[in-house]
Structure formats: structure tokens, C-alpha cells
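Scroll down for the structure; my scribbles are underneath it.
What follows draws every value from the coordinates through simple rules; no lab data is involved. Here the structure is a predicted model, which is why all the values come from computation and not from measurement. Positions of Cβ are generated from backbone atoms using ideal geometry, with glycine treated the same way; all protein chains shown enter the neighbour counts.
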Amino acid sequence: MKVGPSPAWLKQILEKVGLRSINNVVDITNYVLLESGHPLHAFDFNLLAGKQIIVRRATTGEQFTALDDSPS
């Protein structure tokens with residue numbers, strides 16, 4: 001899949017519920033969440049360190065950078 005802008009119909013749906021468009025991959029995962037109530041995450045396997053995904057709870061006070069580059 002090529003990462004790029006989302007189609008207008010998808011951008012409009014996300015904007016109606018208060019989400020802004022990021023790109024086609026992020027936007028479709030947000031759409032799946034809205035439709036199903038279950039989060040979906042997409043990863044570029046070639047960019048994963050160690051070629052693995054580790055899911056865990058954040059530690060108290062842990063910082064991270066969100067998709068829009070804002071600190072959290």
C-alpha cells in the first residue's frame with residue numbers, strides 16, 4: 001500500500017466526528033475504529049526495530065510523540 005492523502009469521502013467522515021486526516025493508512029484505521037468500536041493499528045514492518053511489536057502499558061510519567069508530532 002502506498003501512503004498518501006485520503007480520499008475526500010474519508011476525510012469528510014473523520015472531520016464530522018472531530019478527527020483530522022493524517023494519511024490514508026492512519027485514516028482507514030481510524031475509520032475501522034469508528035465503524036467497529038475496536039482499534040486497529042498499522043505498522044511498516046520494514047521500519048520496526050527488531051522486527052517485532054511489543055504491546056505494554058505505559059509507565060507513570062512516560063513520554064511519547066503522537067502521530068501529529070505533539071508530545072504526550
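The value obtained for the chain, namely the Cα convex hull volume divided by the number of residues, is 133 Å³ per residue. Each helix, a run of at least 4 DSSP H residues, gives -39500 (n - 2.57); summed and divided by the residues of the chain, these come to -9000 deg cm²/dmol at 222 nm. Can you find, among 40, 70, 18, the residue sitting farthest towards the positive end of the charge dipole of the chain, where Lys and Arg contribute +1 and Asp and Glu -1 at Cβ? Of 40, 70, 18, it is 40. Taking the Cα centre of the chain as reference, the dipole from Cβ charges on Lys and Arg (+1) and Asp and Glu (-1) amounts to some 140 debye. Summarising the label geometry, the points placed 7 Å from Cα in the beta-carbon direction at residue 29 and residue 72 lie 1.1 nm from one another. Could you tell me how many degrees, from 0 to 90 and to the nearest 10, lie between the Cα long axis of helix 24-36 and the main elongation axis, the longest principal axis, of the Cα atoms of the chain? Computed tilt is about 80 degrees. Note that the range 9-21 has calculated 3J(HN,Hα) couplings of 4, 6, 4, 5, 4, 5, 4, 5, 9, x, 9, 9, 6 Hz, one per residue in order, obtained from phi through the Karplus relation 6.51 cos²θ - 1.76 cosθ + 1.60 (θ = phi - 60°); glycine and proline are x. Applying the Karplus relation 6.51 cos²θ - 1.76 cosθ + 1.60 with θ = phi - 60° to the range 57-62 yields 3J(HN,Hα) values of 7, 5, 7, 4, x, 5 Hz, where x marks Gly and Pro.
Each label was represented as a point 7 Å from its Cα along the Cα-to-Cβ direction; for residue 11 and residue 48 these points are 3.1 nm apart. Separation of the range 57-72 from the range 10-32 is 21 Å, based on Cα centroids. Per-residue Karplus couplings for the range 65-72, computed as 6.51 cos²θ - 1.76 cosθ + 1.60 with θ equal to phi - 60°, are listed in order as 9, 6, 4, 8, 6, 7, x, 10 Hz, Gly and Pro entered as x.
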